[in-house]
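J.: I am attaching a structure below and will ask some questions about it afterwards.
The values are calculated or read from the model by the stated rules, or taken from the named source; none is laboratory data. These numbers were taken from a predicted model, which means no experiment stands behind them. Virtual Cβ from ideal backbone geometry, glycine too; neighbours counted across all protein chains shown. Areas reflect the complete protein model, heavy atoms only, side chains present, ligands, DNA and RNA absent. Shrake-Rupley method; radii C 1.70, N 1.55, O 1.52, S 1.80 Å.
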Amino acid sequence: MLLFQGLIRYARSLLALPRDIRLFFLYALFSNVAIGAFTLLYNLYLIQLGYREDFIGLVNAASTGALALSALGLGRLLHQRGSWWCLTYGTGAYLAASTILALATQPAVVLMCAILQGMATTFLFVPLMPFVIDHAPAVHRATVAAVALSLTSVSSTIGSLLAGWLPSALGTVTGLPVPGVLTYRGALLAGIGVCAVAVVPLLLMREARDGPHQTPGALQRHDLNAETRTNFRRYLIAFVLAGGLLSIGNGAVVPFYNVYLATLGLSARTIGVIYAVASLVGAIFGLVGPTLARICGPLRAVTLIRLAPVPVFTALILFQAIPLAIAAHVVRMISISMAWPIDSMLVAETLPSRARANAFSLRSAAWNIGFSAASFLGGHLIVTFGYVPVFVLYALFCTAAIAFFVQQFRHHPAAHARAGSIAAVREQHP
């Protein structure tokens, strides 16, 4: 009963947020449907077209490499146009590029379309936290960030379920083979169609669309002395490099994990359920992240959360078992959902407004450069040696990223602030 009452109070507090934030939640609920569908099904679709892991790795490297280059320029665009503009037009570009990619079959065309989709995908991810920081009330930022990112996990769940279930349904209705090129393509296009609903709440926004996109009174570069600017640069670089290290471990594993599960004997429908459940569980746990950060401090919380998948993947190096493989994916999704709002809000508290957009865009660039290189290398390693080497890379680079992040932020009071006001800490230690 107490839990039910707490959930009701939580829901009411969300409904009391500004209209544009509630529309932003609706956007988040649909924004990742196509991403979930492509994550689950596109590699399997390429297998049906006759390609192997080395080409899959090349496609992922091209897409994430383009995403990285696009992210480098997005910080400036966020300053010029604002987060609403970037989300709205970026989502439209993503829908168009994804549609073309789902129809492409020739190697050169697939690569070119993957590059276009990668460039557009930047606009779905990078502006999310700047939108929260710019438009959510300061006291609710951590909650809004956690809810929005949890909703993107739910959105990905919808895409995974759709992509896992629809090929069989299409096969039953039309008599087309499952697995098969046409049934997989139909599922991808359906995911894109549902994702297109995300544009509607963006168009219904008012203040976010027409109002200023910079936080009023934000601290600007000319207000800072040389020592403070040096500290800000150090924290920005630490945030970016830690993301780059983390991306190498993830890039070696994530693009191929659905294919890995298929090699263990699981069907596309079963893999879709696994991906959907993992995203949903991650979304639920993601709501707990800000509370955990308030209890034990942001740095300690993000360290424990980021480290959680490492032992599971280490065990997977030794034991290639289906239950362990499923557990590794679920724990990794929980880790992502819980950690990202925490370290994003830590960046919001340690950097001035103008540096935040650059931090998120540069981190996205670093992430995708590392992810691109690792996926290219990972594909060749898998074809030559199997999946064990990429699991080793995941464990090593994730551990290195966490250790570096802790070493860089361990002295900042905001990294250890508990239930008290982080804003007060920021005034004491810029």
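J.: Output the residues belonging to the stretch 112-133 that are farther than 17 Å from residue 195 by Cα and open to solvent by 40 Å² or more (accessible area, probe 1.4 Å).
T.: Of everything in the stretch 112-133, those that are farther than 17 Å from residue 195 by Cα and open to solvent by 40 Å² or more (accessible area, probe 1.4 Å) turn out to be 112, 115, 116, 119.
J.: Further, regarding this structure: Residues of the stretch 287-338 being of a type in the set (Gly, Ala, Ser), farther than 21 Å from residue 272 by Cβ and either in contact (Cβ under 8 Å) with a residue 60 or more places away in the chain or outside any helix (DSSP H, G or I) (or both), which ones?
T.: 289, 293, 297, 308
J.: I would also like to ask the following. Residues being within 20 Å of the chain's Cα centre (by Cα) and open to solvent by 10 Å² or more (accessible area, probe 1.4 Å): count how many of those fall in the stretch 311-334.
T.: Residues in the stretch 311-334 being within 20 Å of the chain's Cα centre (by Cα) and open to solvent by 10 Å² or more (accessible area, probe 1.4 Å): 7 in total.
J.: Another question, if that's okay. Being of a type outside the set (D, E, K, R), surrounded by fewer than 22 Cβ atoms within 10 Å (Cβ to Cβ) and without any contact (Cβ under 8 Å) to a residue 24 or more places away in the chain is the requirement here; does residue 270 meet it?
T.: When the stated conditions are applied, residue 270 does not pass them.
J.: Does the stretch 20-28 contain at least one residue that is without any contact (Cβ under 8 Å) to a residue 24 or more places away in the chain, within 22 Å of residue 283 (Cβ to Cβ) and either in a helix (DSSP H, G or I) or of a type in the set (Phe, Trp, Tyr) (or both)?
T.: yes
J.: Next up: Failed condition for residue 29, given (1) open to solvent by 20 Å² or more (accessible area, probe 1.4 Å); (2) in contact with a His (Cβ under 8 Å, 6 or more places away or on another chain); (3) closer than 27 Å to residue 362 by Cα, with all others met?
T.: Unmet for residue 29, out of (1) open to solvent by 20 Å² or more (accessible area, probe 1.4 Å); (2) in contact with a His (Cβ under 8 Å, 6 or more places away or on another chain); (3) closer than 27 Å to residue 362 by Cα: (2).
J.: Kindly establish whether residue 90 is assigned to a helix (DSSP H, G or I), on the phi < 0 side of the Ramachandran plot and open to solvent by 20 Å² or more (accessible area, probe 1.4 Å).
T.: no
J.: While we're looking at this one, here's another question. Considering the stretch 144-182 alone, what residues qualify as being open to solvent by 40 Å² or more (accessible area, probe 1.4 Å) and of a type in the set (Ser, Thr, Tyr)?
T.: Scanning the stretch 144-182 gives 172, 174.
J.: If you go through the stretch 186-204, how many residues are surrounded by 19 or more Cβ atoms within 10 Å (Cβ to Cβ) and of a type in the set (Val, Ile, Thr)?
T.: Looking only at that region, the number is 1.
J.: Filter the stretch 141-170 for residues that are closer than 14 Å to residue 280 by Cα and among the β-branched types (Val, Ile, Thr) and give the result.
T.: Passing the criteria: 147, 152, 154, 157, 158.
J.: Please go through the stretch 345-369 and pick out each residue that is open to solvent by less than 10 Å² (accessible area, probe 1.4 Å) and either acidic (Asp, Glu) or modelled with pLDDT of 80 or more (or both).
T.: 365
J.: Quick one: residue 72 ticks every box in (1) among the hydrophobic types (A, V, I, L, M, F, W, C); (2) over 18 Å from residue 24 (Cα atoms); (3) modelled with pLDDT of 85 or more except a single one, so which number is it?
T.: It is condition (3) that residue 72 fails.
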